[in-house]
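The values are calculated or read from the model by the stated rules, or taken from the named source; none is laboratory data. Bear in mind the structure is a predicted one, so any value in this text is a computation, not a measurement. Heads up, the Cβs are rebuilt from the backbone with ideal geometry, glycines too, and the neighbour counts pull from every protein chain shown.
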């Protein structure tokens with residue numbers, strides 16, 4: 001499990017509840033992606049983002065990533081306007097798993113509420129927040145064909 005924490009990118013900020021990372025850019029925009037922990041849901045087969053131009057409130061859906069067994073909502077770590085969706089991920093969704101902090105980024109956005117940025121964590125604070133929760137995050141996604149008693153608090 002410690003190796004999972006060591007894979008965290010030190011150059012980004014983290015939105016812990018959403019399992020997303022944010023890189024604040026010099027031009028006032030931000031790049032958003034899914035952490036490498038999101039890949040634990042299984043191999044992604046489809047990425048369905050909301051289109052550029054939409055304004056999305058924090059914690060609302062930016063889109064959906066789908067595996068063969070589950071759909072994973074991509075929740076906004078900040079209230080923002082979508083400026084760009086990564087065209088490379090639309091063509092090859094496996095980039096999200098292979099290069100989550102690089103070529104597998106998901107969105108370029110314009111943050112609209114600067115005060116929300118204070119809720120993002122640096123890598124040390126995120127690792128500390130994540131450590132006691134890591135075992136739960138590593139559980140496989142619910143197989144709806146087998147597990148009919150779904151716990152909505154598990155987040156899948």
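Observations on the model:
- Residue in the stretch 111-120 that is within 21 Å of residue 3 (Cα to Cα) and either touching a helix residue (DSSP H, G or I) at 6+ places or on another chain (Cβ under 8 Å) or exposed (fewer than 13 other Cβ atoms within 10 Å of the Cβ) (or both) present: no
- Positions within the stretch 29-43 being in contact with a strand residue (DSSP E or B) (Cβ under 7 Å, 6 or more places away or on another chain) and more than 16 Å from residue 101 (Cα to Cα), in sequence order: 29, 41
- Residue match in the stretch 37-45 (condition: in a loop (DSSP other than H, G, I, E, B), in contact with a helix residue (DSSP H, G or I) (Cβ under 8 Å, 6 or more places away or on another chain) and within 18 Å of residue 9 (Cβ to Cβ)): no
- Residues that are buried (at least 16 other Cβ atoms within 10 Å of the Cβ) and part of a helix (DSSP H, G or I) do occur in the stretch 5-21, at least one of them.
- Scanning the stretch 118-139 for residues that are at pLDDT below 90 and outside any helix (DSSP H, G or I) turns up 138, 139.
- Among residues that are at pLDDT 95 or above and either more than 13 Å from the chain's Cα centre (by Cα) or outside any helix (DSSP H, G or I) (or both), residue 115 is not included.
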